[in-house]
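Read the structure below first, then the notes.
The values are calculated or read from the model by the stated rules, or taken from the named source; none is laboratory data. These numbers come from a predicted model, not from an experiment. Please note: Cβ atoms are built from the backbone with ideal geometry, for glycine as well, and neighbour counts cover all protein chains shown.
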Amino acid sequence: MLATGIDLIEIERVRRGLERYGARFANRFFTAREQAQCAGRVDSLAGRFAVKEAVGKALGTGIGDVGWKDIEVLSDDRGRPHLTLHNAAEQLAAERGLRDWAISLSHTATHAVGLAVAQGAPPRPLGEGWGEGPEVAQ
Ligand SMILES: CC(C)(COP(=O)(O)OP(=O)(O)OC[C@H]1O[C@@H](n2cnc3c(N)ncnc32)[C@H](O)[C@@H]1OP(=O)(O)O)[C@@H](O)C(=O)NCCC(=O)NCCS
């Protein structure tokens with residue numbers, strides 16, 4: 001099984017948050033390493049934000065009790081982003097049997113999109129909230 005999540009965000013929302021709340025906003029959502037790599041590029045921060053939301057969806061819980069900084073998106077020296085989970089996010093992924101995460105992100109002038117895929121999600125029975133299939137007539 002695969003688990004997936006996707007999120008689309010208006011870059012303006014992130015820009016407004018940074019303008020209004022500055023470091024408090026940045027520090028709430030992004031690790032020091034993420035902030036350092038993005039170097040003030042709001043589209044890159046928005047892309048990471050979208051990936052974090054996407055990971056929340058793939059976990060099946062949304063962000064919920066998972067801290068934003070427990071989902072960390074860093075880029076390698078070729079610019080390719082990769083995911084590291086910490087604390088509650090790492091624990092939740094382990095409980096749900098989710099491993100081998102892959103992520104991707106993209107941005108235009110106005111929007112950023114993030115995608116996350118993980119292997120190993122056990123099929124969940126119908127009726128357990130997210131992931132519930134459509135009703136099938138008996
Ligand atoms: C890297 C590339 C695919 C980005 O595409 P783009 O249309 O210019 O820009 P997008 O907004 O869609 O995507 C940008 C994001 O792609 C991601 N990215 C960059 N390099 C990447 C790579 N080598 N592999 C995967 N993702 C990459 C980054 O997350 C980047 O956003 P960020 O800088 O905020 O982290 C494009 O610049 C390109 O084709 N470069 C040359 C070829 C190349 O290195 N391709 C890599 C895939 S093999």
Extreme residue, farthest from the ligand (Cβ to nearest atom), among residues of segment 29-82 that are acidic (Asp, Glu) and in contact with a strand residue (DSSP E or B) (Cβ under 9 Å, 6 or more places away or on another chain): Asp70
Residue check, Gly56 closer than 18 Å to Ala88 by Cβ and either at pLDDT 95 or above or not charged (D, E, K, R) (or both): yes
Residue pairs meeting the criteria (Cβ under 6 Å; at least 6 apart or on separate chains; first at negative phi, in segment 64-83; second part of a loop (DSSP other than H, G, I, E, B) and not basic (Lys, Arg)): Lys69/Thr31; Asp70/His86; Glu72/Thr31
In segment 1-56, the residues that are closer than 24 Å to Asp77 by Cβ, touching a residue at least 60 places away in the same chain (Cβ under 8 Å) and not aromatic (Phe, Trp, Tyr): Asp43, Ser44, Ala46, Gly47, Arg48, Ala50, Val51, Lys52, Ala54, Val55
Selection within segment 83-100 - farther than 18 Å from Arg33 by Cβ and either within 16 Å of the ligand (Cβ to nearest atom) or assigned to a strand (DSSP E or B) (or both): Arg99, Asp100
Qualifying residues in segment 8-49 (those that are part of a loop (DSSP other than H, G, I, E, B) and more than 15 Å from the chain's Cα centre (by Cα)) - the one farthest from Leu105 (Cα to Cα): Gly22
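Residue-by-condition table, conditions (1) surrounded by 13 or more Cβ atoms within 10 Å (Cβ to Cβ); (2) in contact with a helix residue (DSSP H, G or I) (Cβ under 7 Å, 6 or more places away or on another chain):
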residue	(1), (2)
Met1	no, no
Asp7	yes, yes
Phe29	yes, yes
Val51	yes, no
Gly56	yes, no
Val66	yes, yes
Glu72	yes, yes
Residue within segment 110-126 that is in contact with a His (Cβ under 8 Å, 6 or more places away or on another chain), aliphatic (A, V, I, L, M), under 16 Å from Ile11 (Cα atoms) and modelled with pLDDT of 95 or more present: yes
Residues that are surrounded by fewer than 16 Cβ atoms within 10 Å (Cβ to Cβ) and closer than 20 Å to Arg99 by Cβ, drawn from segment 75-87: Asp76, Arg80, His82, Thr84, His86, Asn87
Residues satisfying the stated conditions in segment 101-114, i.e. part of a strand (DSSP E or B), within 11 Å of the ligand (Cβ to nearest atom) and not β-branched (Val, Ile, Thr): Ala102, Ser104, Leu105, Ser106, His107, His111, Ala112, Gly114
